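Below is one structure, written out as structure tokens; comments come after it.
Since every read-out is calculated from the coordinates, none of them should be taken as a lab result. Fair warning: this is a prediction, and the values are worked out from it, not measured in the lab. Positions of Cβ are generated from backbone atoms using ideal geometry, with glycine treated the same way; all protein chains shown enter the neighbour counts.
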Amino acid sequence: MMKLVTPTVKQGGVSIAYIMPNLVPPITSLDQVVKYKQELEQECDSTTFLMTFYLSQELTPELVEEAALKKAIRGIKCYPAGVTTNSNAGVDPNDFSQFYPIFEV
């Protein structure tokens, strides 16, 4: 899908795109973010891609802080488990307490 859609982004007048992390597997590591951004830029180097993490138990405050300091991510996207496309690894929308330390970063 990426190779089909990404080259048409500029034609549609888009110069900045906020990238969703709900891939299979979801984007939850710095290496995944960097690799995915590189792949997107190879398809359309004139667009600014704002990368995000998939909110999951794999994220830590330290990882989020490192990625933010390196300007590798611009946000974290929350997917309630089983509600939308590729949300099987999502979170319980009734209890975010385990993620409070991440939100503080």
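So the values come out like this:
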| item | result |
| --- | --- |
| Dipole magnitude of the chain, debye to nearest 20 (Cβ charges: Lys/Arg +1, Asp/Glu -1, about Cα centre) | 420 |
| Principal axis dimensions, largest first and in whole angstrom, of region 27-78 by Cα | 32, 18, 17 |
| Exposure proxy ranking, count of Cβ atoms within 10 Å, fewest first, for S97, S87 | S97, S87 |
| Tilt relative to the chain, helix 30-43 - C-alpha long axis, 0 to 90 degrees, to 10 | 20 |
| Reachable lysines, given that their alpha-carbon falls under 20 Å from the alpha-carbon of K71 and they are not under 8 places away in the same chain | K35, K37 |
| Pairwise centroid distance, computed over Cα atoms, of region 26-46 with region 61-105, Å | 18 |
| Net charge contributed by nearby residues that have their C-beta within less than 13 Å of L59 (K/R +1, D/E -1) | -4 |
| Mean ellipticity per residue at 222 nm, deg cm²/dmol - from DSSP H runs of n ≥ 4 across the chain, formula -39500 (n - 2.57) | -8000 deg cm²/dmol |
| Cα coordinate range in the chain, projected on the principal axes (Å, largest first) | 42, 31, 21 |
| Relative contact order of the chain, pairs being alpha-carbon contacts under 8 Å that are 6 or more residues apart, as % | 27 |
| Sites matching chymotrypsin sites (Phe, Trp or Tyr not before Pro) across region 16-105 that sit in DSSP coil, with at most 13 neighbouring C-beta atoms within 10 Å | F96 |
| Loop-resident sites, region 50-93, for trypsin sites (Lys or Arg not before Pro), counting at most 16 other Cβ within 10 Å (DSSP) | K70, K71, R74 |
